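The values are calculated or read from the model by the stated rules, or taken from the named source; none is laboratory data. Everything quoted here is computed from the prediction, not taken from an experiment. Because the Cβ atoms are built from the backbone with ideal geometry, glycine has one as well, and the counts that use them run over all protein chains shown. The area values use the complete protein model at the heavy-atom level, side chains included, leaving out ligands, DNA and RNA. Shrake-Rupley method; radii C 1.70, N 1.55, O 1.52, S 1.80 Å.
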Amino acid sequence: MTQQLTAYPVWDRSVRIFHWLNVFCILALIAIGVAILNDKALGVSNDGKLLLKTVHVYFGYVFTANLTWRIAWGFIGNRYARWQSILPFNAEHRTQLSAMVTGIKTGKPVGFLGHSPIARFMVGLLFLLMTAQATTGLVLAGTDVYMPPFGNSIKEWLASDPLMVGSIKPYSKEGIDEAAYKEMRETRKPFISLHYYVFYLLLAAIILHLLGVLVSELKENNRLISAMFTGKKVFSEQPFDAE
Ligand code: HEM
C-alpha cells in the first residue's frame, strides 16, 4: 500500500541561500587554508603565500557577512529558522528529546519538521565553531596581512613613527618598531592556535553533519537533502513540531 505523503514548508529562502553560500565559502576556505598550512611543502613563494592569504581573507569576508546575516535571521526568520528552534538545551529541546525517546520506546518514532533534537546538538556546535573561525580569522587578517577591520589599527600600533604607517606592508620590516612587533606576535598567538584547532574540529563536525543527513535521508525517507533546495520536507504522519 502506498503511503499518503504531505509536504510541509520548513526552510525559508534566507536559510537556503545562507546554507549553500556557506557550503561554497567553507569549501573554498578549507582548500586555501590547507594550501597555507602546506605552503613550504608546495614550494609557495612569499608573494604566493601573500596571495593565498589575501584570497582566503576575501572568502572569509563573504563567509563572515553571510554568517552574521544568518545570526540576525535567527531572531526574525520563520519559526524553524529561529535560535529557539535550532539551539539545544532549552525547554522546547527537552520536550522534543522526551517525545523522541518515548517514540523509540513505543516503536512509534516521531518525525520533526525542523532539526531533530539530535541534529540540534550538531547544528549548535557547527554555529559555535563557525563563529569562532570568523572571529579569529578577522583578527588574523589584521595581524598577518594588515587587512580590515583591524589592519589599520595594527599598523598604527607597529609603526616606529606615525608617519611610517603608510609604508608598513606584510612580510616587510620597513617602518616597524621591533618591540611592538614582538608584542603583537605574542598577542595573536592564541588566535592563530584557535583558528588552527577549530579548523580540524570543524572538519570533523562537517563530516558528522554529512553522515547524519545521509543516514536520516536513507532511514526516514523524508527528502531532507532536497528540502535545502525546495524548502519542503515530506511526512506520512504529522511531524511533532508542525504548526
Ligand atoms: C570555515 C572557515 C575557515 C576555515 C576552515 C579556515 C582555515 C584556515 C587554515 C587551515 C589556515 C592555516 C592555519 C595556519 O597556518 O596555522 C588559515 C589561516 C588564515 N585564515 Fe582562515 N579559515 C576560515 C575562516 C577565516 C576567516 C573568516 C578569515 C578572515 C576574514 C580567515 C583568515 C585567515 C588568515 C589571515 C590566515 C593566515 C594566518 C597566518 O598564517 O598567520 N580565515 N585558515
**Asked** Given +1 on the Cβ of Lys and Arg, -1 on the Cβ of Asp and Glu, and no further charges, what dipole in debye does the stretch 171-211 carry about its Cα centre, rounded to the nearest 20?
**Response** 160 debye
**Message:** If I take every Cα pair under 8 Å that is 6 or more residues apart in the stretch 1-119, average their sequence separation and divide by the length, what percent do I get for the relative contact order?
**Reply:** 26 percent
**Asked** Picking from 58, 81, 128, whose Cα lies most toward the positive end of the charge dipole for the stretch 6-235 (charges on Cβ: Lys, Arg +1; Asp, Glu -1)?
**Response** 81
**Fill in**
Inter-part gap, Cα centre of the stretch 217-243 to Cα centre of the stretch 73-136, in whole angstrom, is 15 Å
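List the DSSP H helices in the chain whose Cα atoms stretch 24 Å or more along the helix axis and whose mean Kyte-Doolittle hydropathy is at least 0.0. Don't jump to the answer; show the numbers that get you there.
Details: long enough: 13-37 (35 Å, 1.84); 46-76 (45 Å, 0.49); 117-145 (41 Å, 1.36); 178-220 (60 Å, 0.49).
Sorted by number, the helices that extend far enough and score high enough are 13-37, 46-76, 117-145, 178-220.
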**Prompt:** For the stretch 178-243, treating each Cα as an identical point scatterer without solvent, what Debye log10 I(q)/I(0) comes out at q = 0.23, 0.24, 0.29 1/Å?
**Reply:** -0.99, -1.02, -1.16
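Would you calculate the convex hull of the Cα atoms in the stretch 1-133 and tell me its volume per residue in Å³? Write out the running numbers ahead of the final one.
Details: hull volume 21.5 nm³, N = 133.
Output value, Cα hull per residue: 161 Å³.
With a 1.4 Å probe and every protein chain kept in, tell me what percent of the accessible surface of the stretch 61-140 is carbon plus sulfur.
On the way: 2910 of 3920 Å².
Roughly 74 percent of what the probe reaches on the stretch 61-140 is carbon or sulfur.
By the scheme Lys and Arg +1, Asp and Glu -1, what is the net charge of all other residues having a beta-carbon under 13 Å from that of residue 189?
0
Return one whole number: the accessible area per residue of the stretch 6-235 in Å², for a 1.4 Å probe. Write out the running numbers ahead of the final one.
Details: 12890 Å² over 230 residues.
Each residue of the stretch 6-235 exposes 56 Å² on average to a 1.4 Å probe.
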**Message:** For the stretch 64-176, I need the span (max minus min coordinate) of the C-alpha atoms along each principal axis, in Å, sorted largest to smallest.
**Reply:** 74, 25, 18
**Request:** Eight or more residues apart or on different chains, and alpha-carbon atoms under 22 Å: count the Lys pairs in the stretch 6-235 matching that.
**Result:** 28
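If you add up the charges near residue 235, with Lys and Arg at +1 and Asp and Glu at -1, over every other residue whose beta carbon is less than 13 angstrom from its beta carbon, what do you get? The partial results should precede the final answer.
Values: positive: 223, 232, 233; negative: 220, 237, 241.
Its environment carries a net charge of 0.
Can you give the relative contact order of the chain as a percent, counting alpha carbon pairs under 8 Å and 6+ residues apart? Could you put the intermediate results ahead of the total?
Numbers: 253 pairs, mean separation 66.9, N = 243.
Dividing the mean separation by the residue count of the chain yields 28 percent.
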**Prompt:** Among 152, 190, 179, whose Cα lies farthest out toward the positive end of the dipole of the stretch 6-235, if unit charges sit on the beta carbon of Lys, Arg (+1) and Asp, Glu (-1)?
**Reply:** 190
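Return the inverse of the average 1/r over all pairs of distinct C-alpha atoms in the chain, which is the Kirkwood hydrodynamic radius, in Å to one decimal. Could the numbers behind the result be given before it?
Values: mean 1/r = 0.0485 Å⁻¹.
That comes to 20.6 Å for the chain.
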**Prompt:** In a shell of Cβ-Cβ distance under 10 Å around residue 7, excluding residue 7 itself, what net charge do Lys and Arg (+1) and Asp and Glu (-1) give?
**Reply:** +3
**Message:** Less than 13 Å from a label point 7 Å out along the Cα-to-Cβ axis of residue 12: which backbone N atoms in the stretch 46-77 qualify, by residue?
**Reply:** 70-77
**Prompt:** Considering the chain as a Gaussian network with a 10 Å cut-off on Cα pairs, which listed residue, 216, 172, 14, attains the greatest mean-square fluctuation?
**Reply:** 172
